[in-house]
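Worksheet: one structure, shown below.
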């Protein structure tokens, strides 16, 4: 079994595709991030739905983020296991994922209603009255729907990292060391007179 005390190498702790789906279906909130006209990064917390390998979010179209994302559709979305409900299963993945992606707005009524129903169901599991309330609440003329299609995932599987530190996983269960940990880290170590890893 593999064991480590090296906390600087973290790219070797990815999620499987199944774990990504589990986190995305069970976490209740995400942080949507975009760039303002003067290049400031800004983020806002949203409820979201994961469907068709896309992150779906809604907000009013007069928000500054609408103009910013229309100007530059490159966005990021962060989702954490800290967003699980209090009663979530302990078997769910732990950690966080940041998605680099492109945003696309949807303003047709069919897509809006489809999304409102999915979000309302996620926010009110087993509560048809709650679902109906939220669909009605969301269905307003100024609301827009944003989908984010990921082009890259930056993942940290905290349970895999913990198992690695405890020596209870094999090397085959770890992910590939990415360039940040394979090249950039050793360049930084070299600059500080430290041995490579």
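The numbers here are math on the coordinates, done by the rules we state, and not lab data. Source: prediction; values computed, not measured. Glycine also receives a Cβ, built like all others from the backbone with ideal geometry; neighbour counts cover every protein chain displayed.
Assorted remarks:
- Point-to-point label distance, residue 29-residue 114, nm (Cα→Cβ direction, 7 Å offset): 2.8 nm
- Size descriptor, Kirkwood hydrodynamic radius, that averages inverse alpha-carbon separations across region 1-112, Å: 15.9 Å
- Taking every alpha-carbon pair under 8 Å whose residues sit at least 6 apart, the chain reaches a relative contact order of 31 percent.
- Based on DSSP H segments of at least four residues, each scored -39500 (n - 2.57), the chain has a per-residue ellipticity at 222 nm of -9000 deg cm²/dmol.
- Note on the chain: with a GNM built from Cα contacts shorter than 10 Å, the maximum mean-square fluctuation among 172, 51, 131 falls on 172.
- Extension gain for the segment residue 143 to residue 158, taken as residue separation times 0.36 nm less the Cα-Cα distance, is 1.8 nm to one decimal.
- Gain in span if fully extended, residue 102 to residue 133, counting 0.36 nm per residue against the direct Cα distance: 8.1 nm
- Each of the peptides 144-150, 20-26 was scored by the mean count of other Cβ atoms within 10 Å over its residues; in descending order, highest first, they stand as 144-150, 20-26.
- Rounded FRET efficiency, nearest 0.05, which uses the C-beta distance separating residue 16 from residue 182 and R0 of 35 Å: 0.95
- In the elastic network of the chain, a GNM with C-alpha springs shorter than 10 Å, the most mobile of 182, 35, 47 is 182.
- Here region 17-176 is treated as an ellipsoid with the same Cα gyration tensor; its semi-axes, largest first and in whole Å, are 30, 21, 12.
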